[in-house]
Amino acid sequence: MTDRVVIITGGSRGIGRATAIAAASRGFKICFGYAANEAAAREVVSTIEAKNGKAIAVKCDVASEKDILGLFRAADEFGTLGALVNNAGIIGVTSRVDEMSAERIQRMMAINITGSILCAREAVKRMSTRHGGKGGVIVNLSSVAAKLGAPNTYVDYAASKGAIDSFTIGLGHEVAGEGIRVAAIRPGLIDTEIHGSGGDPDRAHRLAPMVPMKRVGSADEIANAIVWLMSDDASYVTSAILDVSGGR
Ligand code: NAP
């Protein structure tokens, strides 16, 4: 599996960045997407190259099918695809469902659900033995919000992650005989900039006392679980959803 390309959506910051660096240190060639932050994307490429890894960054908004096809074309030129990490995702500002606009909900679903399914479609076309591929792994980023529902915060986000859980189970079964494993990680409260993008930068730290382990998690702790799922050590794991949440 090493020596092969992994595509990571949203690899410029947070969990995606940590996953890119962890996968590169295990020998993967990294092709990652970013939405807008070119400086952060360049920093990730430099960090990986400084440790003799290989990485390319491609501007790719996963709400755009055209961008997704461009990301996969860039990966095709880079090498043989071995894994996809569907990491790109957004939250919304704290609100009740009866305050949400249609535009907000549609954008949430376009990025968090449709983007992940379209990326998986492209990965299956390349990795499935049914299509002449050599197999591979797809790891989807869900959230413990899928179990908790996130009332009075962002039920739309929680629902999008519930869809990711169902998608993981179904796609895993669909391609289990074609050399592809599919799994999801449900992170808990992780110390990244996503909370600031929802207008509440201190959210994770404020809620930390409610976590059984009494602390937030780090992006590296999620990345370590993702690269384990990508590895042959997880060779009998498919259609599985792993909570990495300090017990939350
Ligand atoms: P983050 O720190 O906000 O980073 C988001 C990354 O995704 C950035 O690289 C960003 O690119 C990219 N991105 C944003 N919108 C995008 C779009 N439309 N198309 C493509 N890329 C896009 O997020 P994170 O905390 O690392 O979260 C990563 C994943 O883990 C998400 O799916 C999230 O739902 C899930 N998760 C996170 C937590 C948590 O507590 N942090 C908990 C549960 C689940 P730019 O740099 O260009 O903006």
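Assorted remarks:
- The lysines within cross-link reach of K125, meaning a Cα-to-Cα straight distance under 18 Å and a gap of 8 or more places when in the same chain, are K66, K134.
- Short-range pairs are left out: with C-alpha atoms under 8 Å and at least six residues apart, the relative contact order of segment 18-78 is 35 percent.
- For segment 192-248, the fraction of 1.4 Å probe accessible surface lying on carbon and sulfur atoms is 56 percent.
- Subtracting the Cα-Cα distance of R96 and D3 from 0.36 nm times their residue separation leaves 28.9 nm of extension gain.
- Proximal aspartates and glutamates to K161, defined as alpha-carbon separation beneath 19 angstrom and excluding residues fewer than eight positions away on the same chain: D61, E103, D191, E193, D243
- Net charge dipole, segment 45-174: roughly 360 debye, given to the nearest 20, about the Cα centre with Cβ charges of +1 for Lys and Arg and -1 for Asp and Glu.
- Computed over the alpha-carbon atoms, segment 5-244 gives an Rg to Rh ratio of 0.95, Rh here being the Kirkwood radius from the mean inverse distance.
- Candidate cross-link partners of K54 among the aspartates and glutamates, defined by an alpha-carbon separation under 18 Å and a same-chain spacing of 8 or more, comprise D3, E38, E43, D76, E77.
- Amide H contacts of I8 (H built 1.01 Å from N, in plane; Pro and chain starts excluded): C31, F32, G33, V85 sit under 5 Å, all sequence-distant by 5 or more or on other chains.
- Dipole of segment 5-244 computed with +1 at Lys/Arg Cβ and -1 at Asp/Glu Cβ about the Cα centre; of A145, A57, Y34, farthest Cα towards the positive end is A57.
- Computed [θ] at 222 nm, deg cm²/dmol, the chain (DSSP H ≥ 4; -39,500 (n - 2.57); rounded to nearest 500): -13000 deg cm²/dmol
- Computed from phi, the 3J(HN,Hα) profile of segment 223-228 under the Karplus parametrisation 6.51, -1.76, 1.60 (θ = phi - 60°) reads 4, 4, 5, 5, 5, 5 Hz, with x in place of Gly and Pro.
- A straight line joining the Cα centroids of segment 223-237 and segment 41-120 runs 20 Å.
- Taken along the Cα-to-beta-carbon direction at a fixed 7 Å, the label points for R107 and S235 span 4.6 nm.
- Peptides 27-34, 144-151 ordered by average Cβ neighbours within 10 Å, highest first: 27-34, 144-151
The values are calculated or read from the model by the stated rules, or taken from the named source; none is laboratory data. Keep in mind that what you see is a predicted model, and the values were worked out from it rather than measured. We place every Cβ from the backbone using ideal geometry, glycine too, and count neighbours over all the protein chains shown. Surface areas here come from the heavy atoms of the whole protein model, side chains and all, with no ligands, DNA or RNA. Shrake-Rupley method; radii C 1.70, N 1.55, O 1.52, S 1.80 Å.
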